[in-house]
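K.L.:
I'd like to ask some things about the structure below.
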Amino acid sequence: MIDVFLLLGSNLGNRKLLLNEAIERIEAAVGPVLQASSVYETQSWGKTEAPDYLNQVLLLQTDLKAREVLGKILAIELLMGRRREEKWGSRTIDIDILFYGDAIIDEPDLKIPHPEMHKRRFTLAPLAELVPEFEHPLIKKNILQLKNELIDDLVVKKV
């Protein structure tokens, strides 16, 4: 079994309900959730006039390959009404793979660790809550160090 960290985000509809529905679907399709961070409300990244997000990080275990996990989460997003119409556009649900064990994958449509995570407070705050000492396999710093070095000043608060 591989430890996988996923970031969930929602800024349309009943955001909390959508996060919970996504967790149920992920457990059914990918594997059991071992830990879930608190839910954080965050300003929209990239499109600051968009509604605020609720974000949450999950640690789960799976025996699926990384590409299979990607396929399952993309299918979940689609089932839950996700539309990819514009970059950083609002969405009912967004599910990103942050880490897949300590794997480093660099393919056109699959990049693990998530290539922007170390720059984003809305990712590092919930991730640091779960695994502050986990080392980023490319940057070679732990999550707490990355969070403490952030220059991202978007408001991220636990709800």
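K.L.:
If I histogram all Cα-Cα distances within the stretch 1-77 using bins 10 Å wide from 0, what percent of pairs lands in each bin?
P.N.:
Per 10 Å bin, starting at 0, the Cα pair percentages come out as 19, 49, 27, 5, 0.
K.L.:
Which order do Glu107, Glu149 take when ranked by solvent-accessible area (1.4 Å probe, heavy atoms of all protein chains), largest first? Before the final figure, lay out the partial values.
P.N.:
Working: Glu107 70, Glu149 100 Å².
From most accessible down to least: Glu149, Glu107.
K.L.:
Then there's this: Apply 1/(1 + (r/R0)^6) to the Cβ-Cβ distance of Glu135 and Leu17, taking R0 = 25 Å, and write down the FRET efficiency to the nearest 0.05.
P.N.:
On the way: r = 34 Å, r/R0 = 1.38.
Using R0 = 25 Å, I get an efficiency of 0.15.
K.L.:
Given a cut-off of 26 Å, name the pairs among Lys72/Lys158; Lys111/Lys147; Lys111/Lys140 whose C-alpha atoms lie farther apart than that in the structure shown.
P.N.:
Details: Lys72/Lys158 28 Å; Lys111/Lys147 21 Å; Lys111/Lys140 17 Å.
From the list (Lys72/Lys158; Lys111/Lys147; Lys111/Lys140), the Cα-Cα distance tops 26 Å for Lys72/Lys158.
K.L.:
Pairs of alpha-carbon atoms within less than 8 angstrom and 6+ residues apart define the contacts here; what relative contact order does the chain have, in percent?
P.N.:
Numbers: 303 pairs, mean separation 46.7, N = 159.
Taking the mean separation of contacting Cα pairs over the length of the chain, I get 29 percent.
K.L.:
Please list log₁₀ I(q)/I(0) at q = 0.10, 0.11 Å⁻¹ for the stretch 24-153, using the Debye equation with identical point scatterers on the alpha-carbon positions.
P.N.:
-0.32, -0.39
K.L.:
Taking the Cα-to-Cβ direction at Leu78 and at Glu27 and moving 7 Å from each Cα, how far apart do the two end points lie in nm?
P.N.:
Result for the modelled spin labels: 2.5 nm.
The values are calculated or read from the model by the stated rules, or taken from the named source; none is laboratory data. Just so we're clear, the structure is a prediction, and the values are computed from it rather than from any experiment. Here the Cβ is made from the backbone with ideal geometry for all residues, glycine too, and neighbour counts use every protein chain on show. We work out accessible area using only protein heavy atoms, side chains counted, and drop any ligands, DNA or RNA first. Shrake-Rupley method; radii C 1.70, N 1.55, O 1.52, S 1.80 Å.
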